[in-house]
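First the structure, in the form of structure tokens, and then the observations on it.
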Amino acid sequence: MRKIDRFAAKPDYRKTPKTDYYCINCQRDIDPSKPHRMVHAIAGGDWYLHPEDEDQYVPDGGDCGFLPFGNDCAKRLGIEWTHEGQKP
Ligand SMILES: [Zn+2]
């Protein structure tokens, strides 16, 4: 099961989000009606699961679910590690 360290996308938590829908990597607000990405955060949020390995993942107490991820941050992480964003 492939997973990537959350620090791979060089997170920056200095910004304070204005809405409750924001990139978990840089905390910039995301317009949910516009194209964006999501990651599946596991192990308490320390790792992101590869989308192609979803069927191998057994949810446990560390499952943080699918969280919004901005397009720029997704490019830094590697777009293949992200899912298409869904309107909440
Ligand atoms: Zn971001």
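Read-outs: derived from the displayed coordinates by stated rules, not from any lab. All values derive from a computational prediction rather than experimental measurement. Note that each Cβ is placed from the backbone with ideal geometry, even for glycine, and that neighbours are counted across all protein chains shown.
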Given backbone amide H placed at 1.01 Å from N, residues whose amide H is under 5 Å from that of Arg28, ignoring those fewer than 5 places away on the same chain, are Cys23
Rg/Rh ratio calculated on Cα atoms of the chain (Kirkwood radius):
0.94
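Could you sort 54-62, 28-36 so that the peptide with the highest average Cβ count within 10 Å comes first and the rest follow in order? Provide the component values of the computation, followed by the final result.
Numbers: 54-62: 9.1, 28-36: 13.3.
Sorting 54-62, 28-36 by mean packing, highest first, produces 28-36, 54-62.
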Give the relative contact order (percent, whole number) for the chain; include only Cα pairs under 8 Å separated by 6+ residues.
36 percent
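Which peptide among 72-82, 8-18 comes first, and what is the full order, when sorted by highest mean count of other Cβ atoms within 10 Å? Intermediate results must be reported in sequence, preceding the final value.
Values: 72-82: 16.9, 8-18: 12.3.
Highest to lowest by the protection proxy: 72-82, 8-18.
Over the chain, how many pairs of lysines fall under 18 Å by alpha carbon, counting only those 8 or more apart in sequence or from different chains? Write out the running numbers ahead of the final one.
Working: Lys3/Lys75; Lys10/Lys75; Lys18/Lys34; Lys18/Lys87; Lys34/Lys75; Lys34/Lys87.
Qualifying lysine pairs in the chain: 6.
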For n ≥ 4 DSSP H runs only, could you compute -39500 (n - 2.57) per run for the chain, divide by its residues and tell me the 222 nm figure to the nearest 500?
-2000 deg cm²/dmol
